[in-house]
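Written out below as structure tokens is the structure these notes cover.
The values are calculated or read from the model by the stated rules, or taken from the named source; none is laboratory data. Quantities reported herein were computed from a predicted structural model and do not represent experimental measurements. All Cβ positions, glycine included, derive from the backbone under ideal geometry; neighbour counts span all protein chains shown. We work out accessible area using only protein heavy atoms, side chains counted, and drop any ligands, DNA or RNA first. Shrake-Rupley method; radii C 1.70, N 1.55, O 1.52, S 1.80 Å.
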Amino acid sequence: MAFDPSQNMNNREGELSEVDSFIQLKNITKYRNGDAILKNISFSIRRGEFFSILGPSGGGKTTLLRILDGLEKPTDGRIIIDGEDVTDWPPYKRPVNMMFQSYALFPHMTVPQNIEFGLKQEGLKKDEINKRIEEVMELTKLNRIKDIKVRKINELSGGQRQSVALARSLAKRPKVLLLDEPLSALDKDARQETQYELINIQEQTGITFVFVTHDQEEAMAISDRIAVINKEQQICQIGTPHNIYEFPNTEFTATFIGEVNLFDCTVLEQDTNYLLLQSHEIDNPCYASYNGVVSIGANVKLAIRPEKIMISTLQPAYPRNCTQGIIEEILYLGDISVYRILLSSGKRIKVTLTNLRRVKDRDLDYENKVYLFWSSENSLVLTS
Amino acid sequence: MKLNLHSLGEKTKMKLLKPGRKARNAMLTIVIFLTILFFAIPLIISFVISISKTNLDPNALIEPIIQITNTISNFKIIINIIIDNYINIVSNTIYIAAFFNSVILGILTTILCLIIGLPIAYSIHNINTEKIRAFVISIILISFLIPSPIRANALINILNSIGIKPKQPSETFFTICLGMVYCYLPFVIFPIYTALTKIDRSYLEAVSDLGCGPTKTFWRIVIPLSIRGIASACVLTFIMSLGDLVIPELVGNNIPTIGTMISELFSTSDWSLACSLSIITVLLTIILLTIFRVKF
């Protein structure tokens, strides 16, 4: 289905005023060997924002970042950073630095030599260079490592290299720092630790961070705003992590970020704030909150997050927004349990419950007939 | 728990994928055997000939060995021969001149080859289209397949046709250099090109990101990261041009070089002196390379 970016810019967060936007991408299109890598991408980023570009691999996220850095030229479109059109500027002239996925630390130099490399190109004085090295080593906590100043790159661990790469790109005090999946090489604990540190550093320095990742949890945890890019190389949605999770505007965003149960529905009635929907997959017609315009009889998708559905063995008093099913599987994950439920319509859905009570003590077991219900505020209508 | 290759550390993985100790020992034995057979034994034979007084038929290869078994018992004779051969070489101006010429020619050729070859290698590396790059490489390779006497003759003809007929020693020097650069350029281009292809592109991008233009990138990153390839190219060229025979003989106009001297001595059947000269050349090369290694 054709996608109109303007349609999705209508929410408050996607659209920034000219004054607000620090980085502006205007109709960025990139073709490589005749294949489209990016198609007509436009969005803006605020000054001092932690902005993430989230999407599946092959979505052109890295290409977008490389275009921002100047390593690649867009086939069409303009890039404006801090009021200046930098589209035709080479990378070494842009007020932008990048932290590479491979870190790209120079193997023939020591740690301080790596950090000062960019500063030397600016022709700074020795005192200033040393001051800045100390500063970024403090910021990235590199100075806590013993003998770090005499170490070569191949003598460092993955986490230490990551810190050096970050320090090197921060030392130049760029207006924008680009991070290309910088945490993908770290193990889970180190990654979480680094996420906190990145947020800290971003707050301390006030530099605008543009972060590329395919890990939705990571993007949710660290970003002020997220741009979701789909497999067709288009921006689906831009918004705060909360907004994107709670109010996804496309099926792609809904399924890519978090999990979701989708039902095919037809619109029966439209109220000011609600739609009455009929689905062959749900026993009864159900209400869903909706503000947009939709015609009666239109086919829409109803999306409900697994944690927003309640389970009970007793029939609720109110029959709307309710359906029946049988518990097929229970996955116990410690903090939560995932229930796979076979609906009477034959559809399978997922419901998660926090384990407030021990699973044993719950009256939900395999093969139990259960009632599932949800509030109309927690049900989303996806029209596209 | 399942054993998953991905979950293992980098070092453990390397251990698992590396050949076992037995296989390594077998490979090492083969390498040592071949090195001794083709490099050490010929060198020892040369040395043995150099300290035996023979003026023999060049076809009788086995003769000097018999000779030496006879003379080895007589220590005095050996000392005399050594004094005769080696002192003769060191004190004779023509040999000193030959050494001097060869070393200067070698250094000049190496520098010229580097100056010409490095930009060529870098430009080949920078060709983005796979097909064009392969084409350029094959052109250089094909020209490399033409035997050096033919190339030297071609060079003489070209020089003659544009009016350069080397008579003065300095002119001759120039033509020898030209000939050797022409012949040895591929030996510089290919090792450097290989070293360049091993440089990760992300380094170049990082340099550009950190504020370096193309020129600075070349000097600060490309050269340091390919320095081993450059060094081995230089050593290779220097050694080859030091002992070269064909080019100085064809275009050299009788300028004495190590190559021409040794060849002349062999043709006059003075194997002993020829081998002494070779041994001194080997020693000289080792000394020069050691200095080079210490310096770089």
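Computed on the Cα trace of chain A, the radius of gyration divided by the Kirkwood hydrodynamic radius gives Rg/Rh = 1.06. Classified by the C-alpha gyration tensor, the stretch A:232-384 has an oblate form. Its axis ratio a/c, with a ≥ b ≥ c, is 1.5 or above, and a/b does not exceed b/c. Between A:M109, A:M220, A:M98, the Gaussian network model of chain A with springs among Cα atoms under 10 angstrom shows the greatest mean-square fluctuation at A:M109. Note on the protein assembly as shown: with charges restricted to the Cβ of Lys and Arg (+1) and Asp and Glu (-1), its dipole about the Cα centre is near 1960 debye. Scanning chain A for GluC sites (Glu not before Pro) in DSSP loops with at most 16 neighbouring Cβ atoms within 10 Å leaves A:123-231 as the longest stretch between them.
Extending 7 Å from Cα along the Cβ direction at A:R357 and again at A:D335 yields two label points whose distance is 2.2 nm. Which of rounded, prolate, oblate describes the stretch A:81-129, given a ≥ b ≥ c as roots of the alpha-carbon gyration tensor eigenvalues and a/c under 1.5 marking rounded, otherwise prolate only if a/b is larger than b/c? Oblate, since a/c reaches 1.5 and b/c is not below a/b. Relative contact order for chain A: what is it in percent, counting Cα pairs under 8 Å that are at least 6 residues apart? Over chain A, the number comes to 15 percent. What percent does the relative contact order of the stretch B:95-295 come to when contacts are Cα pairs within less than 8 Å and at least six residues apart? Relative contact order of the stretch B:95-295: 33 percent.
For the residue pairs A:K93/A:K125; A:K26/A:K175; A:K93/A:K149; A:K73/A:K125, the alpha carbons lie more than 22 Å apart in A:K93/A:K149; A:K73/A:K125.
Applying both filters, DSSP loop and at most 13 other Cβ atoms within 10 Å, to the trypsin sites (Lys or Arg not before Pro) of the stretch B:189-296 gives B:K198.
Once the convex hull of all Cα atoms in the protein assembly as shown is built, its volume per residue stands at 259 Å³. Per residue, chain A exposes 48 Å² of solvent-accessible protein surface, assessed with a 1.4 angstrom probe and all protein chains in place. Classify the stretch B:77-161 as rounded, prolate or oblate, taking a ≥ b ≥ c as the square roots of the eigenvalues of its Cα gyration tensor: rounded when a/c is under 1.5, otherwise prolate if a/b is larger than b/c and oblate if not. Cα axes put the stretch B:77-161 in the prolate bin. Rounded to the nearest 20, the size of the Cβ-charge dipole of the stretch A:95-173 about its Cα centre is 60 debye, with Lys and Arg at +1 and Asp and Glu at -1. Along the axis of the charge dipole computed for the protein assembly as shown (Cβ charges of +1 for Lys and Arg, -1 for Asp and Glu, origin at the Cα centre), the listed residues A:Q315, A:I28, A:L71 are led at the positive end by A:L71.
Placing +1 on the Cβ of every Lys and Arg and -1 on the Cβ of every Asp and Glu, with nothing else charged, gives the stretch B:95-295 a dipole about its Cα centre of roughly 440 debye.
With each label modelled as a point 7 angstrom along the Cα→C-beta vector, the A:V293-B:F135 pair spans 5.9 nm. Model label points for B:A231 and A:E197, set 7 angstrom from Cα along the Cα-to-Cβ axis, are 3.4 nm apart.
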